[in-house]
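Shown next, in structure tokens, is the structure this report addresses.
No value in this document is a laboratory result; all are computed from the given coordinates. Everything quoted here is computed from the prediction, not taken from an experiment. Neighbour counts run over all protein chains shown; Cβ positions are idealised from the backbone, glycine included.
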Amino acid sequence: MPPKTRSEPSKPARRTPPSPDGALRAGPLDTQAPIEGRAAEAPPSEAAAATKASNRGDKPARERLVDAARELFHQHGYEATGVAQILERAGVGSGSLYHFFSSKEDLLCAVLDWYQAHLWPVVMWPVFTKVCDPIDRVFAVLNFYREAIVASQFTFGCPIGNLALELATCRSATREKIAKNFDGWKDAIRQCLELGKDRFVSDVDLDGLAAFILTVMEGGIMQARSHNAIEPFDAAVAQLRDYFNRLVRNNIAEKPAKERGKLSQKGRK
């Protein structure tokens, strides 16, 4: 669920050294610290959007329509955005719109397809190229959203989360595309958890943990916007980090118990 940010050249990745007790240390990638070399942008102002629209002339009409709708839906919401606004922002006529899309909701589906296709290039890869450790990557992705919240002065919302709340009663095809965006985000996070699972207790549910992380991100953003403060987001991420640390500590305690069990079995023989 990519927020609107610009890509910058990547810098060498770095690892956060483990703490002596094996817990995940809150270091350079803690929620309070920005990801080095990356600053999230606030949602564009109307003036900035108009400038961006003037640079779309070399894009195909369909792409301009999707870009315009994506920006307007994110700024104003789906229902509050009129077709005339989309046409004006895209710089095309109504004939072009209905040549490519049967309705405004059909255009929304194309916007959701765009978000799904751009999750990795816009959100995941820019973070992953700067962070090697798979568990640190999880918290770096959360920090990516934190920076967007702060930069926007608490107006930023996750585009997919916003649409999910607004369009709960829309047609099933649209709901399915929203759900696929959430699933894609969870899958990306689960890949990180899979690479770092040797640090956790053996019976940890990686699918459930990925869903939990998504809930922390979405809930933290909504609370930060509601309170016009970053503290609720930071508190949610801090609780998640504490939970991760408990998984690590329980894994450390679990290993000696297994070894004692093996020794006990050998003694019986």
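Which value does Rg/Rh take for segment 113-268 over its C-alpha atoms, Rh per Kirkwood? Before the final figure, lay out the partial values.
Details: Rg = 18.7 Å, Rh = 17.3 Å.
Taking Rh as the inverse mean 1/r over Cα pairs, Rg/Rh reads 1.08.
Apply the Karplus parameterisation 6.51 cos²θ - 1.76 cosθ + 1.60, with θ equal to phi minus 60°, to every residue of segment 66-75 and state each ³J(HN,Hα) to the nearest whole Hz, in sequence, with x for glycine and proline.
5, 4, 5, 5, 4, 5, 5, 4, 6, 6
Computed FRET efficiency, Cβ-Cβ of GLN153 and ASP106, R0 30 Å: what is it to the nearest 0.05?
Once the sixth-power term is evaluated, E becomes 0.35.
Per residue of segment 177-191, in order, report the coupling 6.51 cos²θ - 1.76 cosθ + 1.60 (Karplus, θ = phi - 60°) as ³J(HN,Hα) in whole Hz, putting x for Gly and Pro.
Values, residue by residue: 5, 4, 4, 5, 5, 4, 4, x, 5, 4, 4, 5, 5, 4, 4 Hz.
Write out the trypsin sites (Lys or Arg not before Pro) in segment 163-218 meeting two conditions: DSSP loop, and at most 12 other Cβ atoms within 10 Å of their Cβ.
Working: sites: ARG171, ARG175, LYS177, LYS180, LYS186, ARG190, LYS197, ARG199; in loops: ARG171.
When the trypsin sites (Lys or Arg not before Pro) of segment 163-218 are filtered for loop state and at most 12 Cβ neighbours within 10 Å, ARG171 remain.
In what sequence do LEU195, LEU206 fall when counting other Cβ within 10 Å, fewest first?
If I rank by nearby Cβ atoms, fewest first, I get LEU195, LEU206.
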